[in-house]
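Student: My structure is below; once you've seen it, I'll send some questions.
The values are calculated or read from the model by the stated rules, or taken from the named source; none is laboratory data. This one's a predicted model, so the numbers in the text were calculated from it and none came from an experiment. Neighbour counts are summed over all protein chains in view; Cβ atoms, including those assigned to glycine, are modelled from backbone coordinates with ideal geometry.
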Number of protein chains: 2
Amino acid sequence: MSTHVQPPSPATDFEAPHDLVKEIIYEIRRILQARELYTKELNKKYQVSAPQLNCVLALYEYGPLPPSQIARYIMVKSSTVTGIIDRLEQKGLVIRLRKSPDRRVITIELTEAGKRLADNAPPPIQQKIIDGLKSLPQGEIEEIVRGLTKLTHMLEVQDLEVA
Amino acid sequence: MSTHVQPPSPATDFEAPHDLVKEIIYEIRRILQARELYTKELNKKYQVSAPQLNCVLALYEYGPLPPSQIARYIMVKSSTVTGIIDRLEQKGLVIRLRKSPDRRVITIELTEAGKRLADNAPPPIQQKIIDGLKSLPQGEIEEIVRGLTKLTHMLEVQDLEVA
DNA sequence: GACAGAATATTTCAATTCAAATCTTCTTAC
DNA sequence: GTAAGAAGATTTGAATTGAAATATTCTGTC
């Protein structure tokens, strides 16, 4: 038996649009699971999950940010960010500060440890994609982007934390 | 200001592969969030989440199944399935039975209520994709599938529940 | 037949995710 | 100036997710 998981109805040819939809759903679920398994692995090896790492990298790239901005950058709701910050703070990778004159605003800063982590960061899930893309001609890469963009337009993700 | 969320570095042109990667990551995150928001909405309107609905639909399509098979069809680990079945059972949509001579195996069956739900199922996330695909020519649909497939190959999702 | 190991399902644990509610602080309208 | 409402962050609660450990049952091998 093949070691490769088959979609419920193996889609070997593509006449019926319904099969195509199944194939698309299947591929999306695969991406999700790749992401899920990757974050578990990361957590085990480096004691940092993928969302946490994304958060650290965002702070490294854009400087200190309030949670609401982080939410935008890593594309989750801000109630999700609170928990991520909590865990990063416990590990001493970030600190919460009140720097803004507006005292509702909290500023998240990387600690030295946080910067060190960002510097020699374990490869985020992105790395696999970067490596994979290297072998592809530019045209195919653009094809992937076009396809994904069409998909997201279909799904019509409503706006996130934007006023 | 636009009501549309921008990726951190708006990717308006695509020379640098790194920007393409960011764009891809961004689109993937968008798909994830669409899925997340959709399942919450579903849960609120129909008291059934997307994974639960997927599970019901799998049972409707393939007949009674053990949890391990369901895990394969809906592409999650079997420890995840247990919780989903728990909640479906509480709602009276499925029942756990011991039908197999192998007494380790548990068979999950739809109840009448479960079948009714499957019959006039609320649109799964698929529906948005189906609707979206309708307006696209076949060639573009295949392009989307090709792009996604290339991506998943890059991510090299290891096998799931398969022996 | 007994015993080691495989297979199936579950439990336990921690992280993520979001909606909704809450708390604090600011801003605006009067 | 005060009151109403907005805005930022957090809390609470429920669902999903998978790894690891556990329990039960089966399947060999000796």
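Student: Quick test for you: out of B:Tyr38, B:Tyr73, B:Tyr26, pick the one residue that is touching a strand residue (DSSP E or B) at 6+ places or on another chain (Cβ under 8 Å), more than 8 Å from DNA strand C (Cβ to nearest atom) and of a type in the set (Phe, Trp, Tyr). Lay out the reasoning, then the answer.
Tutor: On the way: B:Tyr38 fails: touching a strand residue (DSSP E or B) at 6+ places or on another chain (Cβ under 8 Å); B:Tyr26 fails: touching a strand residue (DSSP E or B) at 6+ places or on another chain (Cβ under 8 Å).
B:Tyr73 is the lone residue from the list that is touching a strand residue (DSSP E or B) at 6+ places or on another chain (Cβ under 8 Å), more than 8 Å from DNA strand C (Cβ to nearest atom) and of a type in the set (Phe, Trp, Tyr).
Student: Taking segment B:77-88, which residues are more than 9 Å from DNA strand C (Cβ to nearest atom) and more than 16 Å from the chain's Cα centre (by Cα)?
Tutor: B:Arg87, B:Leu88
Student: On to the next question. Give me the helices (runs of 4 or more DSSP H) completely within segment A:4-120, filtered to those with at least 2 residues that are modelled with pLDDT of 95 or more, ordered by residue number.
Tutor: A:50-62, A:67-74, A:78-90, A:112-119
Student: Take the residues in segment A:58-86 that are more than 14 Å from chain B (Cβ to nearest Cβ) and surrounded by fewer than 16 Cβ atoms within 10 Å (Cβ to Cβ), then tell me which one is nearest to DNA strand D (Cβ to nearest atom). First the steps, then the outcome.
Tutor: Narrowing segment A:58-86 to residues more than 14 Å from chain B (Cβ to nearest Cβ): A:64, A:66-67, A:82-86.
Then keep just the ones that are surrounded by fewer than 16 Cβ atoms within 10 Å (Cβ to Cβ); that gives A:64, A:82-83, A:86.
Working: A:Pro64: 11, A:Thr82: 4, A:Gly83: 7, A:Asp86: 7 Å.
Only one residue fits best here, namely A:Thr82.
Student: Same structure, new question: Can you tell me which residues in segment B:59-109 are basic (Lys, Arg) and closer than 23 Å to A:Ile28 by Cα? Spell out the reasoning first.
Tutor: Kept after step one, since they are basic (Lys, Arg), are these residues of segment B:59-109: B:72, B:77, B:87, B:91, B:96, B:98-99, B:103-104.
B:Arg72, B:Lys77, listed by residue number.
Student: Related question: Would it be correct to say that B:Ile130 is within 30 Å of A:Tyr73 (Cα to Cα) and either within 10 Å of DNA strand C (Cβ to nearest atom) or within 14 Å of chain A (Cβ to nearest Cβ) (or both)? Write out each step before concluding.
Tutor: Details: within 30 Å of A:Tyr73 (Cα to Cα): yes; either within 10 Å of DNA strand C (Cβ to nearest atom) or within 14 Å of chain A (Cβ to nearest Cβ) (or both): yes.
When the stated conditions are applied, B:Ile130 passes them.
Student: So, of the residues in segment B:89-119 that are within 11 Å of DNA strand C (Cβ to nearest atom) and polar (S, T, N, Q), which turns out to be farthest from the other protein chains (Cβ to nearest Cβ)?
Tutor: Step by step, filter segment B:89-119, then rank; the result is B:Ser100.
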